[in-house]
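Engineer: Structure in structure tokens, see below.
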Amino acid sequence: MTDARTFLIKSLRRVIDGGDVTNDELDAASADPAALRGIERKAWHGLSYWADDDDIRAKDPAYAPARRIQLADLLIDMEREKDS
């Protein structure tokens, strides 16, 4: 689970910083996303939506910034959970 968590944190940071993540990367990091719990599962789903929504981002210039804010909130929650 630690490897998946590390991947999720790095991927969230990459997307928040203007990068991207693919479904192939997500699948490689966690073969069974249903096995993830709590914030890791939420982060995986958030990143999965990001990977799936490239067509929406292409049509709606406001979509990517809004989603990045949501992903930043997930990252904050993951880091807060790690520190507690």
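The values are calculated or read from the model by the stated rules, or taken from the named source; none is laboratory data. Remember, it's a predicted structure, so these values are computed and weren't measured experimentally. Here the Cβ is made from the backbone with ideal geometry for all residues, glycine too, and neighbour counts use every protein chain on show. Accessible surface is based on the protein model in full, side chains and every heavy atom, while ligands, DNA and RNA are left aside. Shrake-Rupley method; radii C 1.70, N 1.55, O 1.52, S 1.80 Å.
Engineer: For the charge dipole of the chain, defined by +1 on Lys and Arg C-beta atoms and -1 on Asp and Glu C-beta atoms about the Cα centroid, which residue among Leu74, Thr6, Ala35 has the Cα displaced farthest towards the positive pole?
Structural biologist: Leu74
Engineer: Indicate the gyration tensor shape class of the chain (rounded, prolate or oblate), computed on the Cα atoms with a ≥ b ≥ c the square roots of the eigenvalues: a/c under 1.5 is rounded; otherwise a/b larger than b/c is prolate and the rest oblate. All intermediate terms of the calculation are to be shown ahead of the outcome.
Structural biologist: Values: a/c = 2.16, a/b = 1.40, b/c = 1.54.
Note, shape of the chain comes out oblate.
Engineer: Turning to a different aspect of this structure: Separation between the Thr22 and Arg68 pseudo-spin-labels, each 7 Å from Cα along Cα→Cβ, expressed in nm?
Structural biologist: According to this spin-label approximation, the distance is 2.2 nm.
Engineer: Quick check for you: with a 1.4 Å probe and neighbouring chains kept, what is the accessible area per residue of the chain, in Å²? It would help to have the intermediate numbers written out before the result.
Structural biologist: Values: 5070 Å² over 84 residues.
That works out to 60 Å² per residue.
Engineer: Below 8 Å between Cα atoms, with a sequence gap of 6+, how large is the relative contact order for the chain in percent?
Structural biologist: Values: 58 pairs, mean separation 31.3, N = 84.
Value for the chain: 37 percent.
Engineer: Okay, moving on. Quick one: how many Å² of Glu79 are accessible to a 1.4 Å probe, rounded to 10?
Structural biologist: The accessible area comes out at roughly 50 Å².
Engineer: Moving on. If you roll a 1.4 angstrom probe over the protein chains with everything in place, what fraction of the accessible area of the chain belongs to carbon and sulfur, to the nearest %? Walk me through the numbers on the way to the answer.
Structural biologist: Values: 2650 of 5070 Å².
Whole-percent figure for carbon plus sulfur exposure: 52.
Engineer: Next up: For the pair Thr6 and Ala34, what calculated FRET efficiency results from E = 1/(1 + (r/R0)^6), where r is the Cβ-Cβ distance and R0 = 22 Å, to the nearest 0.05? Working shown, then result.
Structural biologist: Details: r = 19 Å, r/R0 = 0.88.
Calculated transfer efficiency: 0.70.
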